Amino acid sequence: MKFLILTRKHLVMAGCLLLAAIIGTAISVSAFAKQERLLPIYCVKTEEKKIALTFDAAWGADDTDTLIEILKRYNAPATFFVVGEWVDKYPEEVKRLSEAGNDVMNHSANHPYMTSLSEAQMKEQLTSCNSKIEAVTGKKPTLFRCPYGDYDNKVVSTVESIGMKTLQWDVDSLDWQESATVESIVSRVTGKVKNGSIVLFHNDADHTPEALPIILEKLTADGYTFVKAADLIYWDNYEILNDGTQSRK
């Protein structure tokens, strides 16, 4: 009888250990699944016909004044994601972009692949660029766009850890491609835009200054208005769906 009681105790103990292992595994799987869902904001779910125009600036600056003039003419404030080294080279252009009513946001210090960096290196990329932008514009950036669109869970969580949000795009003009033409840029953008879209351009692409007025005229005629990315996204009480759409909870 004593042997039987001991066996039952062992069985109970083994059962408890098994249950704990199952629960622990379930928690780990759940945490992993939750981590896997970390995504930047690609677009915003909204009933309003508003979109955000965004420009990545990492190299030249010849078209800066032309872009400022076009955006102002069509009442279309935009968001420029600039690299810290670009700020070093073109501080006056950065200042003019901001003074014209556009937002200047963070595109890293020197355009690396963020996923190849440690968390400390990521933070240095972010804070260095933020400091340079704030020194010129007087405004601290709140949004970050990954160079090359390269991100993973660690990148997104690191950006969020310093109070910023990561933005991608759902409409890519592909204006940087050698094969790009005015017609191809216009067609891609006007054919893909929807409520809450975030559109990607580049500040120094060959045909963007020609394509942009056509795009703005067409989208204005279609009833769209243009807002800065920080004014398009939700800052609280939201979720990001599996396709990167930010939605109100």
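The values are calculated or read from the model by the stated rules, or taken from the named source; none is laboratory data. Since we're looking at a predicted model, the values are computed, not measured. No Cβ is skipped: glycine too gets one built from the backbone with ideal geometry, and neighbour counts run over all protein chains shown. Quick note on the areas: whole protein, heavy atoms, side chains included, nothing else; ligands and nucleic acids left out. Shrake-Rupley method; radii C 1.70, N 1.55, O 1.52, S 1.80 Å.
Which of the peptides 94-101, 107-114 is most tightly packed, and how do the rest follow, going by the mean number of other Cβ atoms within 10 Å of each residue?
Numbers: 94-101: 17.2, 107-114: 20.5.
Most protected by this proxy first, the peptides run 107-114, 94-101.
Accessible surface of GLU134, taken over heavy atoms with a 1.4 Å probe and every protein chain present, rounds to 80 Å².
Using a simple charge model, +1 on the beta-carbon of Lys and Arg, -1 on the beta-carbon of Asp and Glu, nothing else, what dipole does the chain show about its Cα centre, in debye to the nearest 20? Could the numbers behind the result be given before it?
On the way: 27 positive and 34 negative charges, 385 e Å.
I would put it at about 1840 debye.
Which trypsin sites (Lys or Arg not before Pro) in segment 153-198 sit in a loop by DSSP (not H, G, I, E or B) and have at most 10 other Cβ atoms within 10 Å of their own Cβ? Here no loop site has a sparse enough neighbourhood. Measuring nothing but protein heavy atoms, the accessible surface of the chain at 1.4 Å probe radius is 55 percent carbon and sulfur. Rg then Dmax, both in Å and based on the Cα atoms of the chain: 23.5, 93. Surface calculation, 1.4 Å probe, protein heavy atoms: HIS207 sits at approximately 60 Å² accessible. Please give the FRET efficiency for ASP236 paired with TRP59, using the beta carbon to beta carbon distance and R0 = 45 Å, rounded to the nearest 0.05. Calculated transfer efficiency: 0.80.
Within the assembled protein chains, the solvent-accessible surface assigned to THR142 is about 50 Å², based on a 1.4 Å probe.
Projecting the Cα atoms of THR220, GLN246, ILE185 onto the dipole axis of segment 159-249, where Lys and Arg carry +1 and Asp and Glu carry -1 at the beta carbon, places GLN246 farthest toward the positive end.
For every helix of n ≥ 4 consecutive DSSP H residues, a contribution of -39,500 (n - 2.57) applies; sum these over the chain, divide by its total residues, and give [θ] at 222 nm rounded to the nearest 500 deg cm²/dmol. Each step should come with its number before you reach the end.
Numbers: 9 runs with 117 residues, N = 249.
So the helix-based figure for the chain works out to -15000 deg cm²/dmol.
Simple spin-label estimate for ASP88 and ILE162 gives 1.6 nm between the two label positions (7 Å along the Cα-to-Cβ direction from each Cα). Taken per residue, the accessible surface of segment 100-203 reaches 40 Å², heavy atoms only and a 1.4 Å probe. The listed residues TYR148, TYR42 rank as TYR148, TYR42 when sorted by accessible area, largest first, using a 1.4 Å probe.
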